[in-house]
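Following: one structure in structure tokens, then a few remarks.
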Amino acid sequence: MNLNGLPIGERPSAKASGLEGVVVADTRLSHVDGERGELLIAGRRAEELAFDEPGHFETVAERLLELASTEPQPRLHEYLAQARASAFARVPQLVQALSLPDAMDSLLAATAQGSAGSDALSVLGALPVYVAAHARLRAGQAPIAPDTAHLAARDFMSMLGLPESPARARALDAYWVTVSDHGLNASTFAARVVASTGSDVMPCIVAGLGALKGPLHGGAPGPVLDMLDATTYTDPRDWLEREISAGRRIMGMGHRIYRVRDPRALVFERALVRLAREDGENSAVAARLEHARRVEQAALALLCERHPERPLCANVEFYTALLLEAVGIPRQLFTATFAIGRCAGWLAHIAEQRHTGRLIRPAARYVGPMLSPTGAAVER
Ligand code: COA
């Protein structure tokens, strides 16, 4: 028996270990309705917000920060452009961190090293610079300087060396707006826990980045593209069945909160349709989208058979993969590109958490043994 009188080795229930349904914060930033498939960001429905106007990411980030703070916030269009320029000036000192093979490791190291001591908000400008510099350095090319006249999405694409395309910059902007915040997801929770200890902003962002790296959270879109590649010339059902039989999960499917299709998948699908239309006939985007829809339907049917009690539908990552691919972002940068958008939400949640002044400190149920000084198990 352990201290709680449970048989030694008994594990806490799955519910207790995943914190589902446990409310640990009040927030004004976003609302996720998993039953109805609705997402509100800064009070607006994500589907409407994403297609408002170009350059909207800066506006949405500004709005989130205003909601979280009682103090006036800077105009982010100019502020972030300036922050990108300052971050680029630090790139020569960060070459080692930015040259790590994995983009998220690089981003974690560069943020911890390069942004410590800087103005808290400036990290939102620094992340795209670090991601682009990482990509260029890994490709053996010189990093490209940001242009303070550009908005974040266009500037990120130009720093990556991608051809100029207003349609693709608009799609990336819609992507960042849509992923800017999403309730108390794992990375936001991680950032809030660190914020609740009274730590600086940068360690909170590093905590968020660390959580986002995991394949169950932000690391799925790369594997989604691998799945689309693997099923291009075969029946998706066979491939999906083999994955499930091997004990692997289908990436881009299932969600902790949503019991219906993730509303963000619809936003990205619409953005892809718009890109395909602009590309005209024989659009590679249109062909890929059609294939993705086939794979999604096959995965949905299979998961429905395997888990009739639990709806497992497409999540944000499924169409993220397609959208970022269509924009021209290399797949190894997908999670890091997600981090740039989500950083807006992290910063707002960090501010919101600080206002509460309350340490987040849940409890664990002890299921280990009680031992005597000789190491023998003691009954309580
Ligand atoms: N493929 C296959 N099976 C899945 C699945 C998936 N994508 N998602 C969940 N399941 C299965 C689980 O294996 C579990 O089966 P079991 O009861 O036989 O063990 C059951 O469905 C319930 O899953 P559970 O682990 O309780 O769900 P969760 O709320 O913890 O999972 C995710 C949410 C997102 C972690 C999960 O759906 C997943 O791993 N998806 C794939 C990764 C992904 O796309 N991540 C991005 C999330 S935005």
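Some notes on this structure:
- When the residues of segment 181-202 are filtered to those that are in contact with an Asp or Glu (Cβ under 9 Å, 6 or more places away or on another chain) and of a type outside the set (V, I, T), the one that is surrounded by the fewest Cβ atoms within 10 Å (Cβ to Cβ) is R192.
- Each residue in segment 295-319 was checked for being surrounded by fewer than 16 Cβ atoms within 10 Å (Cβ to Cβ) and either of a type in the set (F, W, Y) or under 17 Å from L225 (Cα atoms) (or both), and 1 pass.
- In summary, helices (runs of 4 or more DSSP H) completely within segment 88-146 and bearing 3 or more residues that are under 27 Å from S69 (Cα atoms) and touching a Leu at 6+ places or on another chain (Cβ under 9 Å) occur at 103-114, 122-138.
- Of note, A83 does not satisfy the criterion of being at pLDDT below 95, surrounded by 14 or more Cβ atoms within 10 Å (Cβ to Cβ) and hydrophobic (A, V, I, L, M, F, W, C).
- Every residue from segment 216-234 that is acidic (D, E) and more than 16 Å from the ligand (Cβ to nearest atom): D229
- Filtered by the rule that a residue be within 15 Å of the ligand (Cβ to nearest atom) and not in a helix (DSSP H, G or I), segment 272-316 gives H307, P308, E309, R310, P311, L312, C313, A314, N315.
- None of G328, G368, G357 is of a type in the set (G, A, S), surrounded by fewer than 17 Cβ atoms within 10 Å (Cβ to Cβ) and closer than 30 Å to E290 by Cβ except G328.
- Meets criteria (over 16 Å from the mean Cα position of the chain (by Cα) and either within 16 Å of the ligand (Cβ to nearest atom) or of a type outside the set (K, R) (or both)) for L347: no
Residue-wise test of (1) within 24 Å of A132 (Cβ to Cβ); (2) modelled with pLDDT of 95 or more; (3) not β-branched (V, I, T).
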position: S283; (1), (2), (3): no, no, yes
position: L324; (1), (2), (3): yes, yes, yes
position: I329; (1), (2), (3): yes, yes, no
position: L333; (1), (2), (3): yes, yes, yes
position: T337; (1), (2), (3): yes, yes, no
position: G341; (1), (2), (3): yes, yes, yes
position: P362; (1), (2), (3): no, no, yes
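- Residue selected from segment 243-264 under the condition in a helix (DSSP H, G or I) and surrounded by fewer than 23 Cβ atoms within 10 Å (Cβ to Cβ), by the criterion nearest to the chain's Cα centre (by Cα): P263
- Hey, H291 in contact with a Leu (Cβ under 7 Å, 6 or more places away or on another chain) and either more than 24 Å from H217 (Cβ to Cβ) or without any contact (Cβ under 8 Å) to a residue 60 or more places away in the chain (or both) or not: yes
- Within segment 238-271, being within 14 Å of the ligand (Cβ to nearest atom) and basic (K, R) holds for R242, R248, R249, R256, R259, R261, R264.
- I340 being in contact with a Cys (Cβ under 6 Å, 6 or more places away or on another chain) and either touching a residue at least 60 places away in the same chain (Cβ under 8 Å) or not in a helix (DSSP H, G or I) (or both): no
- Of all residues in segment 317-343, those that are within 23 Å of D279 (Cβ to Cβ), within 14 Å of the ligand (Cβ to nearest atom) and of a type in the set (G, A, S) total 1.
- Residues in segment 190-215 that are within 14 Å of the ligand (Cβ to nearest atom) and within 27 Å of E48 (Cα to Cα): L212 alone.
- Answer from S17, S69 - the residue that is within 16 Å of the ligand (Cβ to nearest atom) and modelled with pLDDT under 95: S17
- Extreme residue, surrounded by the most Cβ atoms within 10 Å (Cβ to Cβ), among residues of segment 217-229 that are in contact (Cβ under 8 Å) with a residue 12 or more places away in the chain and more than 13 Å from F334 (Cα to Cα): M227
- Hey, T232 assigned to a helix (DSSP H, G or I), among the polar types (S, T, N, Q) and in contact (Cβ under 8 Å) with a residue 24 or more places away in the chain or not: no
- Search result, residues across segment 53-77 that are without any contact (Cβ under 8 Å) to a residue 24 or more places away in the chain and either in a helix (DSSP H, G or I) or of a type in the set (D, E) (or both): E53, T59, E62, R63, E66, E71
The values are calculated or read from the model by the stated rules, or taken from the named source; none is laboratory data. None of the values given here were measured: they were computed from a predicted structure. Note that each Cβ is placed from the backbone with ideal geometry, even for glycine, and that neighbours are counted across all protein chains shown.
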